[in-house]
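A.B. asks: Sending over a structure as structure tokens; questions will come in a sec.
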Amino acid sequence: MTLLDQPHHDGSARYVPPGPHALGDVVPVRVAVPRAAGVRTVWLRTVLDGEPRITEARRETAAVDEGGEDAYVADVVVHHPSTSYRFLLDVPAAPAGYLWLDGEGVHERDVADTHDFRLLTAPPPPGWLADGTVYQVFPDRFARSAQADTHPTPDWAVPMDWDAEPARFGALTGQQLYGGDLAGVAEHLDHLESLGVRTLYLTPFFPGRSCHRYDASTFEHVDPLLGGDDALAALAAQVHARGMRLMGDITPNHTGAGHEWFVRAQADPAAPERELYLWEDTPGALDVDPRVRPGYVSWLGFSSLPKLDWSQDLVWQRMVDDDAAAIPRWLRRPDGSGYLDGWRVDVANMTGRYGVADRTVEISRRVRERATGINPEAALVGEHFFDWTGDLPGDGWHSAMNYSGFSRPVWGWLADAGSGLDFVSVPVARRPVPGRTAVAAMRDFGARVPWQVASVQLNNLGSHDTARLRTAVGSPERVELAAALLFTYPGVPMVFAGDEVGARGETGEHSRVTMAWDQAASGGPRWDTATLEVFRSLSRLRGGSEALRDGGLRWAVVDDDALVYVRESAGERLLVVVARAPWAGATLPARILGDGEPELVHGGALVGTPALDVVEAGARVGGEGPAVGVWRLA
């Protein structure tokens, strides 16, 4: 048996009518029950005001043969803004006589409500967020236009040659200035389109005293080093003319120590800006707290990043509520004014949290209300390296950067044991883990949030805050395996500029390498054309596939060295096989093939392609590896 012989349900349109749902709605939800599972009856468990309710599901369709599967339907009454449910399966052969089916899968034991499926009354994320690849650009390192040579070098900066290697550690990492600008980004939009990019995400463009610009000195203007406000306006116009979207990067947790607000707050204790920040005499601040340095609370003790106090009305006014506030002022309006279609929210996990104070979810909800009030299609993605599940109830941030539920497990499965790299907050060298270990983490995190959140999580294989993918996995062949997962797993694929051409880097700062545009025509040591074609092919495949953009996920095989799953929508099914090494192979049930021949839509370019053979028992997937194959099924 494979996992395809287990009962299945997820939040995709194949199983749940699309929302938004309203209080009082009766929503029919469907569960697929293979005959091989031995299920006698299906029950629906919901929770009303904290008390469980169990009702029997009705069999909607019956399998035409013993190898097929039945469909059961149950009605969920939307009692609450987030209504949870799971399924109880009457299975006489099970150890307890029954099984539970929740978002994490099938269980032979009683389970907590943590992984229950959920229906939401909150509107779903904007449709454009899932349309295609998101491309992250670190402006200083992407491209220099001719205008860049006219910008004076600020006193904090150390000018660098474009091909020079960035520092790995230390103060120099924030001071090295390569001079990329927004006009340079605009000159290479053809490259983004060739990758199937639908959203360009820029790390901060506000002026600061560092190359990364997370230490904003104002939220009212674009850094003149990047070309100023006019350069952002020109870039936004060109992006939107191509039918693409533009996302910015905002820091509601902190400003820079050179920010105009903080300068006034330090200069005059009576200045109204004083209440914008957390100080050493703020209730809850501790003398022994390393974040209180020198005299004010800062991000992780970095004195250049003083932390905002979200208990104060003035912070809400300056960041959210006023017409000229930092977050709304840059968003596009229905009249066409404004530049951005959404924000990536820096350290969203820390925003509004300090000591006993925890306003993070409240902030996410109010920011979303404000942003979507300006533009109903605005998107908000929170940065969260760790357990984001409690911060994504579905009515605040639309999603998060999915480090915990995607990046970390994929890195773990494909890790180069000889790289010596760690991952954020895990100060030990990564070693390869079995596929079962990686998938357990992916399923655990994915099941803890509503489907309309999980389906738009920003999956990535690295960012400006991590080592580079190519360095982490050790070979272009394993880069292809990782890319296959990125573009076929539920969520939105995000590519950090340079990963598609094999960029290398050992730390987040060291990974902020420049793009070798001079090698783009014919390739070179910093421009891997074969890897680029892999990314282009997979991105195009996802962009043209309903099942990959919007479909559900059904695991088929989870082996130490191979992962096999089906992505399915109402009109399409794809079978994905990714193997990191030779493995024993598996036979999938015959029903998976439908009535026609499987069509190979992506075979391994740098690695092999597994065999898919029709046999009497079903579909035999071969044991070659490393290998990648994606088939469209009838």
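The values are calculated or read from the model by the stated rules, or taken from the named source; none is laboratory data. Remember, predicted model here, so these are calculated numbers, not experimental data. All Cβ positions, glycine included, derive from the backbone under ideal geometry; neighbour counts span all protein chains shown. Heads up: the accessible areas ignore ligands, DNA and RNA and are worked out on the full protein's heavy atoms, side chains in. Shrake-Rupley method; radii C 1.70, N 1.55, O 1.52, S 1.80 Å.
Yes/no per residue for (1) of a type in the set (A, V, I, L, M, F, W, C); (2) more than 27 Å from the chain's Cα centre (by Cα):
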site: E568; (1), (2): no, no
site: V576; (1), (2): yes, no
site: W583; (1), (2): yes, yes
site: G596; (1), (2): no, yes
site: H602; (1), (2): no, no
site: G608; (1), (2): no, yes
site: V615; (1), (2): yes, yes
site: R620; (1), (2): no, yes
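A.B. asks: Take the residues of the range 369-398 that are outside any strand (DSSP E or B) and out of contact with any helix residue (DSSP H, G or I) (no Cβ under 7 Å at 6 or more places or on another chain): which is surrounded by the most Cβ atoms within 10 Å (Cβ to Cβ)?
C.D. replies: Restricting to residues being outside any strand (DSSP E or B) and out of contact with any helix residue (DSSP H, G or I) (no Cβ under 7 Å at 6 or more places or on another chain), the top hit is E383.
A.B. asks: Quick one: would you say R14 is under 27 Å from the mean Cα position of the chain (by Cα) and open to solvent by 20 Å² or more (accessible area, probe 1.4 Å)? It would help to see each step written out before you state the result.
C.D. replies: On the way: under 27 Å from the mean Cα position of the chain (by Cα): yes; open to solvent by 20 Å² or more (accessible area, probe 1.4 Å): yes.
Yes: the conditions hold for R14.
A.B. asks: Of the conditions (1) over 23 Å from the mean Cα position of the chain (by Cα); (2) in a loop (DSSP other than H, G, I, E, B); (3) on the phi < 0 side of the Ramachandran plot, G336 clears all except one; give me its number.
C.D. replies: Here G336 clears every test but (3).
A.B. asks: Do any helices (runs of 4 or more DSSP H) lying entirely in the range 79-191 carry at least 3 residues that are crowded, with 23+ Cβ neighbours inside 10 Å, and which ones are they? Even if it seems obvious, please write down each step before you answer.
C.D. replies: Values: elements: 139-142, 172-175, 182-186.
Answer list for the range 79-191: 139-142, 182-186.
A.B. asks: Please give the number of the condition S463 fails out of (1) open to solvent by 10 Å² or more (accessible area, probe 1.4 Å); (2) of a type in the set (S, T, Y); (3) closer than 21 Å to T389 by Cβ.
C.D. replies: Of (1) open to solvent by 10 Å² or more (accessible area, probe 1.4 Å); (2) of a type in the set (S, T, Y); (3) closer than 21 Å to T389 by Cβ, only one is false for S463: (1).
A.B. asks: Considering only residues of the range 30-47 that are in a strand (DSSP E or B) and of a type in the set (V, I, T), which is surrounded by the fewest Cβ atoms within 10 Å (Cβ to Cβ)?
C.D. replies: Here is the first cut: in the range 30-47, the residues in a strand (DSSP E or B) are 30-34, 41-47.
Narrowing the set further to residues that are of a type in the set (V, I, T) leaves 31, 33, 41-42, 46-47.
Working: V31: 24, V33: 25, T41: 14, V42: 23, T46: 23, V47: 16.
Here the residue is T41.
A.B. asks: Follow-up. Among the residues of the range 48-78, which ones are of a type outside the set (S, T, Y), open to solvent by less than 80 Å² (accessible area, probe 1.4 Å), touching a Phe, Trp or Tyr at 6+ places or on another chain (Cβ under 8 Å) and assigned to a strand (DSSP E or B)?
C.D. replies: A74, V76
A.B. asks: While we're on this one: Which of (1) modelled with pLDDT of 95 or more; (2) touching a Ser or Thr at 6+ places or on another chain (Cβ under 7 Å) does E369 not meet, given it meets every other one?
C.D. replies: Among (1) modelled with pLDDT of 95 or more; (2) touching a Ser or Thr at 6+ places or on another chain (Cβ under 7 Å), E369 violates only (2).
A.B. asks: Could you please tell me which pairs satisfy a Cβ distance under 7 Å, a separation of 6+ or placement on different chains, a first residue in the range 446-474 that is closer than 13 Å to G405 by Cβ and part of a helix (DSSP H, G or I), and a second residue that is of a type in the set (A, V, I, L, M) and open to solvent by 10 Å² or more (accessible area, probe 1.4 Å)?
C.D. replies: Close Cβ pairs satisfying both conditions: G446/A454.
A.B. asks: A further question follows. Among the residues of the range 606-623, which ones are buried (at least 20 other Cβ atoms within 10 Å of the Cβ) and over 17 Å from A556 (Cβ atoms)?
C.D. replies: Across the range 606-623, the qualifying residue is only V607.
A.B. asks: Working only within the range 569-593, note down all residues that are open to solvent by 40 Å² or more (accessible area, probe 1.4 Å) and assigned to a loop (DSSP other than H, G, I, E, B).
C.D. replies: Within the range 569-593, A570, G571, P582, A584 meet the criteria.
A.B. asks: Pick from the range 542-563 the residues that are within 21 Å of the chain's Cα centre (by Cα) and part of a strand (DSSP E or B): which of them is farthest from H8 (Cα to Cα)? Working first, answer last.
C.D. replies: Going residue by residue through the range 542-563, those that are within 21 Å of the chain's Cα centre (by Cα) are 542-555, 563.
Within this subset, residues satisfying the condition of being part of a strand (DSSP E or B) are 552-555, 563.
Numbers: G552: 10, L553: 9, R554: 7, W555: 9, L563: 18 Å.
By that ranking, first place goes to L563.
A.B. asks: Looking at the range 276-312, which of its residues are modelled with pLDDT under 80 and surrounded by 15 or more Cβ atoms within 10 Å (Cβ to Cβ)? Walk me through how you get there before you give the answer.
C.D. replies: Applying the first criterion (modelled with pLDDT under 80) to the range 276-312 yields 281-294.
Of everything in the range 276-312, those that are modelled with pLDDT under 80 and surrounded by 15 or more Cβ atoms within 10 Å (Cβ to Cβ) turn out to be T282, A285, R291, V292.
A.B. asks: So which of T609, T587 is of a type in the set (S, T, N, Q) and over 21 Å from H8 (Cβ atoms)?
C.D. replies: On the way: T587 fails: over 21 Å from H8 (Cβ atoms).
Matching residue, one of T609, T587: T609.
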